[in-house]
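Taking it in order: structure first as C-alpha cells, then the write-up.
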Amino acid sequence: MTFIDLRSDTVTQPSAAMRSAMASALVGDDGFGDDPTLNELEETFARIVGKEAALFVPSGVMANQIAVRVLTRPGDVIIAGAQQHVVSFEYGASARNSSVQFATVDDRGGVLRPADIADIIDAELDHQPHVSLVSIENSHMPSGGTPWSLAEIEAVVDAAQGRPVHLDGARLFNATVATGLDPAAVCAPVTTVMACLSKGLGAPIGSLLAGPADLMAAGRVERKRLGGTMRQVGVIAAPGLIALTQNVERLADDHRRARRLAEAVAARFPESNYDPASCRTNIVAFTHERAREIIAQWESAGLYGGTVAPRRARLVTHLGIGDDDIDRACDIIAQTK
Ligand SMILES: *Cc1c(COP(=O)(O)O)cnc(C)c1O
C-alpha cells in the first residue's frame, strides 16, 4: 500500500530539476564567501524580503537561534506566542544557547495581541526583566497555518516600542500567497526574518535569515559558533534557488487541497468545532479528545498525519500530494470510526 504522507511539508523529494541543478552547481568554499551559487541564493532571498543581507543556514531552528543570539543578551526576555516553534519545538534551545527566557502570550488565534505585549514591556517598570525581543510566527503553525495581515504585524511592531521583532517565517511564502501580500511588505516592519526552503518550497535542505547588514555580519559569527558554516554549499543552494524562484506560486494548490481536507475533517468531527474556513494555508489542525487514536486509525488505512500537542491533530499538504491523494485522504477521514 502506498501511503499518503501528510505528516509535514518537510517530507518532499527533490525534483529532477533540483537534482540536476545540484549536480552542475558552481561551488566554492563558503567559509571564504567563495560559493557563487550560495551567494546568489542569499542575495535573491534578501531582495525578495527587502532586507540588506541574508545568511544561509542548514535548518530553520538554526536561523531562529542565530536571530535570538544577535538580538538578545543573557538574562533578557523574549515575548512570543506560547505555542510558537521557538518556544515549544526547539527543545529549549534559546535558554541553552542564549541564556534568555520567554514571556509567553496567548496565540491560540494565530496572532499576538498588542495589549499583551505592551503589558509585559510595561512590567519593566515593576522590577521585571528587560524585554529585548518580540518574536512572531507567520504563518502560525499550531493554530492551523494562520497567515497574518499587514495591520496585525504593524500593530505588534508598534507594541514592541522600538525593540526588535523577529519573524519566524518558516512558512512565510504560504502566508504571502494566501494573503496576496508582497513578501517585502510583510517583512518591512520586522527586524529579521527567517524562511525555510525545506518545507512547502520543496528543497531538500536549508533555511535563510535576513536583516540589516550589521546584524547579518554578527549572525555569520554566531553561525560559525554553532557549527553551521559549510563549505561547497552550492550543491544545496542550487535546489534552494529553484525552490525560492519557482515553487512559491504553486503553494496555492497546497492551500486549495488543505481546504478540502479541512471540509472532510469538519464534516466527520462536528464535536471538534473545527471551522474549515480557518484553514487558509496548507495546514489542518484540529482539537479532538481521541486525536492520537484517530491518527493511528488513519495510519492503518494508509494516511499519515500527526499530533502537535495533546488532543491536537495535524495534516499538512505539500508538493508531493495531488488531487487524487486528497480524494483518498478525504475518504479515509470520512470513514474514521
Ligand atoms: C519547521 C519550523 C521551524 C524549524 O525549521 P527546521 O528546518 O525544521 O529546523 C521553525 N519555525 C517554524 C514555524 C517551523 O514550522
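All of the numbers you see were taken from the coordinates with simple rules; none came from a lab. Source: prediction; values computed, not measured. Glycine gets a Cβ as well: all are built from the backbone with ideal geometry, and neighbour counts include every protein chain shown.
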Margin query: Could you compute the net charge surrounding residue 86? Neighbours are other residues with a C-beta less than 10 Å from the C-beta of residue 86; K and R count +1, D and E count -1.
Written below: -3
Next item on the list: Please work out the Cα center distance from the range 133-155 to the range 27-57, rounded to the nearest Å.
Entry: 26
Check: Given 0.36 nm per residue, what is the gain on full extension from residue 224 to residue 108 after removing their alpha carbon distance, in nm?
Finding: 38.2 nm
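Going highest first, how would you order 230-240, 83-93 by mean Cβ packing within 10 Å?
230-240, 83-93
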Notebook entry, point to check: Going 7 Å from the Cα of residue 154 in the Cα-to-Cβ direction, what parts of the range 180-209 have a backbone nitrogen less than 14 Å from that spot?
Noted result: 182, 185-190
Next item on the list: Starting at the first residue of the range 11-21, write each ³J(HN,Hα) from the Karplus equation 6.51 cos²θ - 1.76 cosθ + 1.60 with θ = phi - 60°, in whole Hz, x for Gly and Pro.
Entry: 8, 5, 9, x, 6, 4, 5, 5, 5, 6, 5
Next item on the list: Using the charge dipole of the chain (Lys, Arg: +1 at Cβ; Asp, Glu: -1 at Cβ; taken about the Cα centre), state which of 98, 274, 16 has its Cα farthest towards the positive end.
Entry: 16
Item checked: Segment residue 118-residue 73, length gained on full extension (0.36 nm per residue, minus Cα span) -> 14.2 nm
Notebook entry, point to check: For the range 250-334, what is the relative contact order in percent, using Cα pairs closer than 8 Å and at least 6 residues apart in sequence?
Noted result: 34
Checklist line | Cleavage-rule hits (GluC sites (Glu not before Pro)) in the range 277-318: DSSP loop, at most 14 neighbouring Cβ within 10 angstrom | finding: 289
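Under a Cβ-Cβ cut-off of 11 Å, what is the net charge of the residues other than residue 308 that fall near it, where Lys and Arg count +1 and Asp and Glu count -1?
Values: positive: 7, 311, 312, 314; negative: none.
Every neighbour counted, the sum reads +4.
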Note to self: Could you list 319, 71 so that the one with the fewest beta carbons within 10 Å of its beta carbon is first and the one with the most is last?
What the structure shows: 319, 71
Checklist line | Estimated FRET transfer efficiency (residue 214, residue 91; beta-carbon r; R0 30 Å; 0.05) | finding: 0.55
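Suppose R0 equals 45 Å. What FRET efficiency, 1/(1 + (r/R0)^6) with r the Cβ-Cβ distance, do residue 127 and residue 287 give to the nearest 0.05?
Values: r = 38 Å, r/R0 = 0.84.
Working from the Cβ atoms, E equals 0.75.
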Item checked: Vicinal HN-Hα couplings computed from phi for the range 255-263 (Karplus, 6.51 cos²θ - 1.76 cosθ + 1.60; Hz; Gly/Pro x) -> 5, 4, 5, 4, 5, 5, 4, 4, 5
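What shape does the chain take by its C-alpha gyration tensor, where a ≥ b ≥ c are the square roots of the eigenvalues and a/c under 1.5 counts as rounded, a/b above b/c as prolate, and the rest as oblate?
Details: a/c = 1.92, a/b = 1.17, b/c = 1.64.
Oblate.
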Next item on the list: Show which aspartates and glutamates lie in cross-link reach of residue 224 when reach means a straight Cα distance below 12 angstrom and same-chain residues fewer than eight apart are skipped.
Entry: 30
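Got the relative contact order for the range 16-246 handy, in percent, Cα pairs under 8 Å and 6 or more residues apart? Intermediate results must be reported in sequence, preceding the final value.
Working: 478 pairs, mean separation 72.2, N = 231.
Relative CO of the range 16-246 lands at 31 percent.
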Notebook entry, point to check: Each label point is 7 Å from the Cα along the Cα-to-Cβ direction; what then is the distance between the points at residue 323 and residue 250, in nm?
Noted result: 1.6
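May I ask you to order 166-172, 150-156, 129-135 by the average number of other C-beta atoms within 10 Å around their residues, highest value first? Walk me through the intermediate numbers first.
On the way: 166-172: 28.6, 150-156: 17.4, 129-135: 20.9.
So the peptides 166-172, 150-156, 129-135, ranked by packing, come out 166-172, 129-135, 150-156.
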Next item on the list: Calculate for the chain the 222 nm mean residue ellipticity that helices alone would give, adding -39,500 (n - 2.57) per DSSP H run of length 4 or more and normalising by residue count, nearest 500 deg cm²/dmol.
Entry: -12500 deg cm²/dmol
Next item on the list: State the antiparallel share, in %, of DSSP beta bridges confined to the chain, rounding to the nearest 5.
Entry: 50
Next item on the list: Arrange the peptides 191-200, 300-309 so that the one whose residues have, on average, the most other Cβ atoms within 10 Å appears first.
Entry: 191-200, 300-309
